[in-house]
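A.B. asks: First the structure, which I've put down as structure tokens, then a few questions once you've had a look.
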Amino acid sequence: MNVEEKFSKFKVNMLRNNPFYGDIIMKVKFVERGDIGTAATDGKYIYYNNDYMNSLSEGQFNFVVLHEVLHLLLGHCKRHGERDTSLWNTACDIVVNNMILKLIPQLQDYNMPMEKPPKGVFRPNEQEKSADDFYYQFFNRYMVVDNEVIFDEEYQGVKSIEVPDDVIESDFSEEEETEIEVWRKQVIKESLKRNKDRNDSVYIPREMLRLVESKTIAWDKLLIEYLSEVDSDETSYSTPERKYLYREIIAPGYGHEEKLERVWLFIDSSGSINEQTMNEFYTQAYRICRNNKCELNIAYWDTKVTTVYRNIRNYKEMYKLTPKHIGGTDINCVYDWIKENRIKPVAMIVLTDGYFGILEKNKVPHNLRKKTIVLLTDNLTNRQKAEQLGKITYLRS
């Protein structure tokens, strides 16, 4: 069976056995390229080396093709941005391979071969993290030597991972990128709609579903959600149960003393937000913190953190806030200040127009990024850049 016949068989089998992916794959263009060592994608096409693909077993062939299709659908090429290429490719491969591993049992039920290729990055995870999550989890603890990502300590039993090279940085124009983005989302939406009666029995990664979600959670609802997650921890050792003390047993009790203390608003003082909108934002943030028994703190920044207000106690205090602006915008100053002052927020909002300079490498700790809401004032801002800081939403005036 030659490569063309393998492609035809794979497409037909996917269409029959997993129509959600089958419908999509029928619309993807595969192109032979001699300068590609194995297989790769630039976000628009999937390229393959004929000799390499011909050397694979049917199961390995199917795995490699689906692997590249998932890279394309998830927009991994477009989302590369200014990230380190070796680390980004590694993170993307972990995500895609984990997805396929979850699909294998379903495909095998239909007698469709699917097996790991000779090379690949396989680090199964239970939490279904995104490529961004893996990237920032790795960011503070790696170096690249001789085409290998080497970690400062073992990651899931390994010290190093060979860098994959199948996510190609494209040179498409901005107009072409927009067209590709619209196409990707459209084919996913169409396949979801066409196969809605079977989607419950088909594994569809959450990251792919997020691509076609039209709604952005409002910042206030997102903050409440963050605080509710912290509050959902059943117990805390900050307030031990009194009934056990006479027996010299320290059992966990219920309380908020160490859980819901610090919410920080870091506001870009160079932005042009009208006073009414800003006051509404302050008021809503204060109300959420009060209802959740939180301490609200506000800091203004441009090229450094210029003005800080701690533990705001009422509305009147907020209306007297007087931010300073000394010129320029550099987001790195926020994280320098947090580190210097040993700030540990339970939740953090960064209000900015998104034009905040170049984020330094290793600047945002992974655990802090998970607690951060990036509140953008401009919906035309490059989301990819802002996503390095945390969860994106928009300030609605």
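A.B. asks: Would you say Glu115 is out of contact with any strand residue (DSSP E or B) (no Cβ under 7 Å at 6 or more places or on another chain), at pLDDT 80 or above and either over 20 Å from Pro365 (Cβ atoms) or not assigned by TED's automatic domain parsing to the domain that holds Met53 (or both)?
C.D. replies: Answer is yes for this residue.
For every residue, the table says whether it meets (1) touching a helix residue (DSSP H, G or I) at 6+ places or on another chain (Cβ under 8 Å); (2) over 25 Å from Lys185 (Cβ atoms); (3) not assigned by TED's automatic domain parsing to the domain that holds Lys102; (4) not hydrophobic (A, V, I, L, M, F, W, C).
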position: Phe20; (1), (2), (3), (4): yes, no, no, no
position: Ile25; (1), (2), (3), (4): yes, no, no, no
position: Val28; (1), (2), (3), (4): yes, no, no, no
position: Gly37; (1), (2), (3), (4): yes, yes, no, yes
position: Asp42; (1), (2), (3), (4): no, no, no, yes
position: Tyr48; (1), (2), (3), (4): yes, no, no, yes
position: Gly59; (1), (2), (3), (4): no, yes, no, yes
position: Val65; (1), (2), (3), (4): yes, no, no, no
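A.B. asks: Quick one: count up the residues across segment 301-319 that are among the hydrophobic types (A, V, I, L, M, F, W, C) and over 34 Å from the mean Cα position of the chain (by Cα).
C.D. replies: Total satisfying the criteria: 0.
A.B. asks: Yes or no: segment 301-317 includes at least one residue that is closer than 17 Å to Glu280 by Cα and touching a Ser or Thr at 6+ places or on another chain (Cβ under 9 Å).
C.D. replies: Yes, that holds for at least one residue.
A.B. asks: I'd like to know if segment 339-362 contains one or more residues that are on the phi > 0 side of the Ramachandran plot and either assigned to a strand (DSSP E or B) or charged (D, E, K, R) (or both).
C.D. replies: For segment 339-362, residues on the phi > 0 side of the Ramachandran plot and either assigned to a strand (DSSP E or B) or charged (D, E, K, R) (or both): present.
A.B. asks: Check segment 102-113 and report whether any residue there is charged (D, E, K, R) and farther than 21 Å from Arg206 by Cβ.
C.D. replies: Yes, some residue in segment 102-113 is charged (D, E, K, R) and farther than 21 Å from Arg206 by Cβ.
A.B. asks: Hey, any hits in segment 153-161 for a residue that's β-branched (Val, Ile, Thr) and under 16 Å from the mean Cα position of the chain (by Cα)?
C.D. replies: no
So that you can scan it fast, the table gives a plain yes or no per residue for (1) assigned to a loop (DSSP other than H, G, I, E, B); (2) buried (at least 19 other Cβ atoms within 10 Å of the Cβ); (3) not aromatic (Phe, Trp, Tyr):
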| site | (1), (2), (3) |
| --- | --- |
| Thr283 | no, no, yes |
| Tyr286 | no, yes, no |
| Thr307 | no, no, yes |
| His325 | yes, no, yes |
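The values are calculated or read from the model by the stated rules, or taken from the named source; none is laboratory data. All of these numbers come straight from a predicted model, not from anything done at the bench. Positions of Cβ are generated from backbone atoms using ideal geometry, with glycine treated the same way; all protein chains shown enter the neighbour counts.
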